[in-house]
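Just so it is clear, none of the values below were taken in a lab; they were calculated from the coordinates. On a predicted model such as this, the values are computed, not experimentally measured, just so you know. Neighbour counts are summed over all protein chains in view; Cβ atoms, including those assigned to glycine, are modelled from backbone coordinates with ideal geometry.
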Amino acid sequence: MNLSTKILIALGLGIIAGLQLGAEGAAFAKAWIGPLGTIFMNLIKMVIVPLVFSSLVMGVCGLGDVRKLGRVGLKTVALYLITTAFAIALGIAFGVLVEPGAGLNMSTEGLKVTAKAAPPIMKVIIDIFPTNPLGAMVKANMLQIILFALFVGVGIVAVGEKAEALKNTIDGLAEVCYKMVAIIMSFAPFGVFGLITPVVAANGPAVLLPLLKVIICVYVGCLLHAIIVYGALVATLGKMSPMEFFKGVAPASLLAFSSCSSSGTLPLTMDCMRKMGVSQNISSFVLPLGATINMDGTALYQGVCALFVAQIYGVELTGAQYITIMLTGTLASIGTAGVPGAGFIMLTMILTALGLPLEGSALIAGIDRILDMPRTSVNVTGDAAVTVVVDRSETKEEPLY
Ligand code: ASP
C-alpha cells in the first residue's frame, strides 16, 4: 500500500474517531491522541531549516548563473501572483452567488477581535534582508533564509574550485535531510490521525451547521480552484497529466489538510516533487518561496469571508470595494505565514480596508480550523503546480538533470 493511501485511511479513521469521541471526548483526544500529531509535526519542522538552506544553495549551484536565477525568480513570482488573483476572484464569485451570509442573524455581542494593521511595504522589503543569518535560522524566518542561501550559492559558483569542499559539505547536508524526511514520513499516517482526531472531536456537527454555507463555499471553491487552475496549468504549461500530478502531490496535500501548515509541509512537498522527477535545482527554490508567499487557498477564503461579513451586516459593496478585496487579499495572502490560523489574522486586515466591522470575523473564528484545512491543502498544491510549470519551462531550454 502506498503512502498516500495510508494517509487517506488515517484521515478517514481520524474523522470517525473524532465523531465518536464528540465534544465530551474532545479533551481526551487533545491530551492523548493530539500528541501523536504534535510529535510528528515537530519532527518535520526539525528538518525545515537545514533542508531549505542546503537544498536551495545546491539549487543555485545547479542553476549555474545569476541570469538564469533571475529568470526563474521572475517566472515563479508572476505565476504565484496570477494564480492568487484567480483564487480570490473565485472566492468573491462564490460569495456573490451563494451569499453565505444572507439570512444569518447571529449575535456578535461580546465577541472582540483586534485588527492586524498592514505593515508598511518598505518594512516588509527591508525585513527580507537578514543582518544575522544564524538569527534568521533560529527564528526559521524563511524569506531571510532564502536570501542568505541565494547569496551563499552565488558565492560558491563565483569562487569555483576553492569552494568545492564547502559545496560538497552542503550537498551532503541536503542528502541527509532528504533521507531524514523519508524516515519521518513513514510515520505520517499516525501523525495525520493524531492531528485530525482532536479537531473533529472539538468541532462536531453542532459547531459546523450554522456556518455551513461558508464552509461549503470554501471547500467547493478550493476544490474547483485546484482542479481547474492547477489541472489546466500542469496539463498545458507543465505538460503533465493532471491525474499524475494530483496523485504525486497527494501525500503533501493530505498532510497540509491535516496539519494546516504549508511551511510545516514543505519537506514533504519537496520530497513529492523529487519523486515526480522535478529538477531539484528548481523545486528547492520555487517551493520554499511558495510556502512563504503563495497562498491561493487563503486568498480564496478571504474573498468568501469578506463577502460573508459584508452580507451579515447588510453592507452593499461597491465596485471599488471589490477591487480593494482583490488587491488587499493578494497582498494579505503574500504576507500570511504558512502556519495554522495565520490567514484568519490577515482577514482582519481586509475587513479594516473595507471598513467592515471586525466583530463579523469573530463568527468565522469558531470554524476557522475547519476552513484552514482545505485552504492550506490548496496553498501547498498550488506551490507544487507552479514548480512543475517552472521546471518544465526551464528544462525545455536546457536539461538540468
Ligand atoms: N494555514 C495556512 C498555511 O499554512 C495559512 C492560513 O492560515 O491561511 O498555508
* Dividing the convex hull volume of the alpha carbon atoms of region 114-245 by its residue count, what do you get in Å³ per residue? -> 252
* Asked: Given N residues in region 269-315, what is Rg(Cα) / (2.2 N^0.38 Å)?
  -> 1.81
* For region 145-157, take each phi angle, set θ = phi - 60°, evaluate the Karplus expression 6.51 cos²θ - 1.76 cosθ + 1.60, and give the result in whole Hz per residue in order, putting x for glycine and proline. => 5, 4, 5, 4, 4, 4, 5, 4, x, 4, x, 4, 4
* May I ask for the equivalent-ellipsoid semi-axes of region 275-357, computed as the square root of five times each C-alpha gyration tensor eigenvalue and listed largest first in whole Å? => 31, 12, 10
* Structure fact -> For the chain, the dipole about the Cα centre with charges only on Cβ (Lys and Arg +1, Asp and Glu -1), to the nearest 20 debye, works out at 340
* To do: Check the straight Cα-Cα distances from LYS239 and name the aspartates and glutamates below 13 Å, setting aside those fewer than 8 residues away within the same chain.
  => ASP391, GLU394
* Structure fact -> Sequence order, region 372-382: Karplus ³J(HN,Hα) from phi using 6.51 cos²θ - 1.76 cosθ + 1.60, θ = phi - 60°, Hz rounded, Gly and Pro as x, gives 5, 5, x, 5, 5, 4, 5, 3, 6, 5, x
* To do: Would you list which lysines come within 23 Å of LYS6, measuring only between C-alpha atoms, while excluding same-chain residues fewer than 8 positions from it?
  => LYS30, LYS45, LYS179, LYS247, LYS275
* What does the highest-first list of 295-303, 166-174 look like by mean Cβ count within 10 Å? -> 295-303, 166-174
* To do: Name the residue, out of ILE146, ILE156, ILE183, whose mean-square fluctuation peaks in a Gaussian network model built on the chain with Cα pairs under 10 Å.
  => ILE183
* Asked: Cα centroid distance between region 1-24 and region 267-346, in Å?
  -> 27
* Asked: What is the Cα coordinate range of region 1-71 on the first, second and third principal axes, sorted by size from largest, in whole angstrom?
  -> 59, 26, 21
* In terms of the ratio Rg/(2.2 N^0.38 Å) built on C-alpha atoms, what value belongs to the chain? -> 0.98
